Amino acid sequence: MPHYHHLGQIPDKRHTVYRNTNGELYAEELFGTEGFSGVSSLVYHLNPPTMVKDIEEPYSVEPEIALKKNLKNLSFQGFDLESKSDYMESRKVLFVNNDLHIGLASPMHSMENYFFKNSDGDELLFIHKGSGKLKTMFGGIPFKYGDYLIIPRGVIYQLEFDDKDNRLLFIESFSHIQTPARYKNKSGQYLEHSPYCERDFRLPQDLETNDSKGDFKIMIKKQGLIYPYTYASHPFDLVGWDGYNYPFAFSIHDFEPITGRIHMPPPIHQTFEGNNFVVCSFVPRLYDYHPDSVPSPYNHSNIDSDELLYYVDGDFMSRSSVIKGQITLHPGGIPHGPHPGAVERSIGKKETNELAVMIDPFYPVMITKDAMSIEVKDYYKSWLSEHKKD
Ligand SMILES: [Fe+2]
């Protein structure tokens, strides 16, 4: 969470009488984490958030695992995943471990007839293609190409798209998604060396206070099942809220790269983290400026971490032929590095326009059937000879 925020009208003191102009009490709710000890927001509903009318049979969205164990460099063409009309139908989990699920979605239409709530984990949505508005109980956040949307678990939301061509990378994190502690001082303020600060976060705005009654379907994900709940009042009915637990957006284009005289390691690209994983942003930047520097990364052994790279845009310096939406998975345990010719090509180059998102899960990921359906065959042999650059 970036920092304290509030929208709408709230009483001067928490847990005190708060009524509308007709004298009716608003329904106060603590939207909290970690058993009243973690971050929270206090929200004030027009109607109690407890008016359940119906619960239909839950159904499973548990990913089907194709490879439980893997020690092979693999690659996948993300844009080969079929677009689907519906957002939830389009979400395809590709990689799984106990800390996070990683997937892609290509929905063609806005969510109109239902809302979604992930009670399993915090969500990170990276917008590769498309624009629109994230609508939540805390207010709306317009989004566009390059945005990370961080949606804490339990936030009820809808995605409204401007058109049909949408491509999203997503993470479901079973721990809270946070920004690295080393970027912040002891009061939580971003330090001068941080690659972003408070001004770069886009917080909810335009609080919607909807007093509609009727049937409101909220698809709630818990333990790999979707429970179709029907509530009697509209979930976006807050008159006000304040606190630290709310969704926000951060654009990868606002990540200020840290550069040096010689090659800087991936932690300088770190953007977010959860338990046992980090998310890094590789953005256009000037190359290293030592006269003999080698801008290309060196071969490296991820001895205790898998490494997933999602290619967004630009010409990726260390790879010979990757295209937008492609994913590489370099499992912990074997070294990997630049493709043949990439090191030599990088020498003397002044800048890169690469744009990519890296996710490093510290424990091995299992690979789903949906992932294997878009596998690039024999990627693990791609270091044997020089490939022509696309
Ligand atoms: Fe790597």
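For the residue pairs LYS144/LYS186; LYS69/LYS381; LYS68/LYS381; LYS135/LYS164; LYS72/LYS117; LYS68/LYS377, the C-alpha atoms sit more than 29 angstrom apart in LYS144/LYS186; LYS72/LYS117.
At q = 0.10, 0.13 Å⁻¹, what is the base-10 log of I(q)/I(0) for the chain according to the Debye formula with one equal point scatterer per Cα and no solvent? Please give it to two decimals. Each listed q maps to, in turn, -0.68, -1.10.
Just to be sure I follow the definition: excluding the sites themselves, where is the longest run in the chain that has none of the GluC sites (Glu not before Pro) in a DSSP loop with at most 15 other Cβ atoms within 10 Å?
193-385
The sum of -39500 (n - 2.57) across all DSSP H runs of n ≥ 4, divided by the residue count of the chain, sets its helix-only mean residue ellipticity at 222 nm to -500 deg cm²/dmol.
Relative contact order of the chain: 22 percent, from C-alpha pairs under 8 Å at least 6 residues apart in sequence. Beta-bridge orientation, the chain: approximately 95 percent antiparallel, per DSSP, counting only bridges with both partners inside. With Cα atoms defining each centre, segment 9-59 and segment 73-103 are spaced 34 Å apart in the structure. Label reach from ARG199 (point 7 Å along Cα→C-beta): in segment 276-297, no amide nitrogen lies under 12 Å. Short-range pairs are left out: with C-alpha atoms under 8 Å and at least six residues apart, the relative contact order of segment 1-159 is 13 percent. The 3J(HN,Hα) values that the Karplus relation (6.51, -1.76, 1.60; θ = phi - 60°) gives for segment 355-363 are, in residue order, 9, 8, 10, 10, 10, 10, x, 6, 10 Hz. Gly and Pro appear as x.
Placing +1 on the Cβ of each Lys and Arg and -1 on the Cβ of each Asp and Glu in the chain, which of TYR157, PRO340, ASN20 has its Cα farthest towards the positive end of the resulting dipole? Sorting the options by dipole projection puts first PRO340. State the Cα centre-to-centre distance between segment 211-275 and segment 136-153 in whole Å. Taking the Cα centre of segment 136-153 as reference, the centre of segment 211-275 is 6 Å away.
Give me the one-decimal nm value for the distance between modelled label points at MET51 and LYS184, 7 Å along each residue's Cα-to-Cβ direction. Reported label-point gap for MET51 and LYS184 is 3.6 nm. For segment 42-157, the Cβ-based charge dipole about the Cα centre amounts to some 380 debye (Lys, Arg positive; Asp, Glu negative; other atoms uncharged).
Taking θ as phi - 60° and the Karplus parameters 6.51, -1.76 and 1.60, the scalar couplings of segment 209-222 work out to 10, 9, 9, 5, 10, x, 10, 10, 8, 10, 8, 10, 9, 8 Hz in sequence order, x denoting glycine and proline.
Charged side chains reduced to their Cβ positions (Lys and Arg at +1, Asp and Glu at -1) give the chain a dipole of some 580 debye around its Cα centre.
For segment 190-232, what is the convex hull volume of the alpha-carbon atoms per residue, in Å³? It would help to have the intermediate numbers written out before the result.
On the way: hull volume 5.6 nm³, N = 43.
Per residue, the Cα convex hull of segment 190-232 comes to 130 Å³.
Restricting segment 174-267 to trypsin sites (Lys or Arg not before Pro) that sit in a DSSP loop and have at most 12 other Cβ atoms within 10 Å of their own Cβ leaves LYS186, ARG261.
Applying D = kT/(6 pi eta Rh) to segment 175-289, where Rh is the Kirkwood radius over alpha-carbon pairs, T corresponds to 20 °C and eta to 1.002 mPa s, the Stokes-Einstein value obtained is 121 µm²/s. For segment 234-384, a crude dipole built from +1 on the beta carbon of Lys and Arg and -1 on the beta carbon of Asp and Glu, taken about the Cα centre, is about 540 debye to the nearest 20. Which one of ASN97, SER40, PHE174 is farthest out on the positive end of the charge dipole of the chain, using unit charges on Cβ (Lys, Arg +1; Asp, Glu -1) and the Cα centre as origin? Checking the options against the dipole of the chain, the answer is ASN97.
Note on segment 340-390: dipole from Cβ charges, positive end direction compared against THR352, PHE362, SER373; the farthest Cα belongs to THR352.
Bear in mind these aren't lab numbers, they're just calculated from the coordinates by the rules spelled out. Just so it is clear, the model here is predicted, and its values are computed rather than measured. Cβ coordinates were reconstructed from backbone atoms using ideal geometry, including for glycine residues, and neighbour counts include every protein chain displayed.
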